[in-house]
Amino acid sequence: MLRAFVIIWLAWLLGGALPGQSAGSEPLPIEVIQQLPDTTLRLAFHFEALPDGRNFVTDPNDSLLIAHGNNEKLRADILIYYVLQELNHRFRTGMVDYAPSRDTKIRFALVETLDSGIRGASFYAHGERPVHVPGAFNVIFRYHPGPRAPNGSTGGVGSTTIYIYNALQTYLAGSQDTWSLARNIGHEIGHALSLDHTFKCDNPCAGQGFDPLEECYGDCVPHNHGSDKINCFGGSSRELMMGYGSQVYLTVCEVERMWGWLLR
Ligand SMILES: [Zn+2]
């Protein structure tokens, strides 16, 4: 549905194919992308309870706790608000190495369709199966019992499911950090839109804004399943979103590849 929508508006915008451009050919160059209107990807949030039944705070009256200090907990709707703010800020200002603009032209907003107390959000008991919303990236907050749980994961290129692990415990403990979470979500969406880790040895964007060896302390890995036995965390001196570390920036090549995927 997302794909159809993007193709329809691009066809409308361009009045047909670009000269020399057809489906599946070279990605659009950044100069052309900059002339496109912003395109908005929709997000649906799914909150799964912990094994003990606790879930994200939803009741506006819980804000009373804030007034009394100490027990302050981040409400789910506030969390969603700040995650969207941060994601949109990243994708509006995070492109490097292109002097005219830092804008990827990709934006994020909530799905319109979910019928629940908090717009764009669904809440589940522990072990209950989330209801996937079509036409959206489904961000699922899940408890992960493993000692080495990743921050997040996705099914890979073309997936519309993003898992975020073990975030709830930190918010129930009083964390207010929504920016790290948003950057994790941006990283996983980058994978879904065809991007590799910056420390993947055969990354198609290698040499165009980063060197996989520099991204991982003189090593690189042959797959996208984390950094395996090599610890790449914090190795991105360029603070690239698809590396492990600050996850702030995207290169021109990466932006062109994401658009190539959206318009394929
Ligand atoms: Zn990754």
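The values are calculated or read from the model by the stated rules, or taken from the named source; none is laboratory data. Every value quoted in this text rests on a predicted model; they were computed, and no experiment measured them. Note that each Cβ is placed from the backbone with ideal geometry, even for glycine, and that neighbours are counted across all protein chains shown. All accessible areas refer to the heavy atoms of the entire protein, side chains included, with ligands and DNA or RNA removed. Shrake-Rupley method; radii C 1.70, N 1.55, O 1.52, S 1.80 Å.
Observations on the model:
- For the range 114-134, taking the residues that are part of a loop (DSSP other than H, G, I, E, B) and touching a Phe, Trp or Tyr at 6+ places or on another chain (Cβ under 8 Å), the one that is most open to solvent (accessible area, probe 1.4 Å) is identified as HIS126.
- Qualifying residue in the range 138-152 (condition: modelled with pLDDT of 95 or more, hydroxyl-bearing (Ser, Thr, Tyr) and not in a strand (DSSP E or B)): yes
- Residue pairs whose Cβ atoms lie under 7 Å apart, sitting 6 or more positions apart in sequence or on different chains, and linking a residue in the range 87-111 that is at positive phi to a partner that is assigned to a strand (DSSP E or B) and open to solvent by less than 20 Å² (accessible area, probe 1.4 Å), are ASP97/THR251; LYS105/THR39.
- Helices (runs of 4 or more DSSP H) lying entirely in the range 161-260 (those with 1 or more residues that are open to solvent by less than 30 Å² (accessible area, probe 1.4 Å) and among the acidic types (Asp, Glu)): 179-192, 212-215
- Residue match in the range 211-218 (condition: under 22 Å from the mean Cα position of the chain (by Cα), more than 10 Å from the ligand (Cβ to nearest atom) and closer than 30 Å to ALA136 by Cβ): no
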